[in-house]
């Protein structure tokens with residue numbers, strides 16, 4: 001049983017079946033990938049958190065550099081949406 005606020009925040013992301021995630025994770029491990037993402041959200045999270053992580057692909061390194069600013073803007077928007085939900089939930093409990 002999830003608290004109502006957690007349900008609201010969780011609804012902003014997609015869900016996947018555990019066996020689908022496991023397959024993608026195993027395939028990523030077998031291929032030697034440092035980042036293994038299962039969906040578009042995971043892809044964006046890998047870009048945003050790349051930092052000093054190793055990268056074997058020049059293309060992915062380029063994508064990380066180019067899209068990190070865009071991903072930061074998107075992350076700020078998601079945070080604002082979540083904070084709005086938190087503020088509304090908090091106001092209901094007062």
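The values are calculated or read from the model by the stated rules, or taken from the named source; none is laboratory data. Small disclaimer: the values here were computed from a predicted structure and weren't measured. Cβ placement follows ideal geometry from the backbone for every residue including glycine, while neighbour counts extend to all protein chains displayed.
Across region 36-65, which residue is modelled with the lowest pLDDT among those that are in a loop (DSSP other than H, G, I, E, B) and surrounded by 13 or more Cβ atoms within 10 Å (Cβ to Cβ)?
Applying the filter and picking the extreme gives 50.
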TODO: Among the candidates 33, 68, single out the residue that is closer than 30 Å to residue 86 by Cα and surrounded by 11 or more Cβ atoms within 10 Å (Cβ to Cβ).
DONE: 68
Open item on the list: Testing residue 68 on (1) touching a residue at least 24 places away in the same chain (Cβ under 8 Å); (2) in contact with a helix residue (DSSP H, G or I) (Cβ under 9 Å, 6 or more places away or on another chain), one condition comes back false. Which one is that?
Closed with: (1)
TODO: Could you pull out the residue among 26, 45, 5, 59 that is without any contact (Cβ under 8 Å) to a residue 24 or more places away in the chain, out of contact with any strand residue (DSSP E or B) (no Cβ under 7 Å at 6 or more places or on another chain) and within 30 Å of residue 90 (Cβ to Cβ)?
DONE: 45
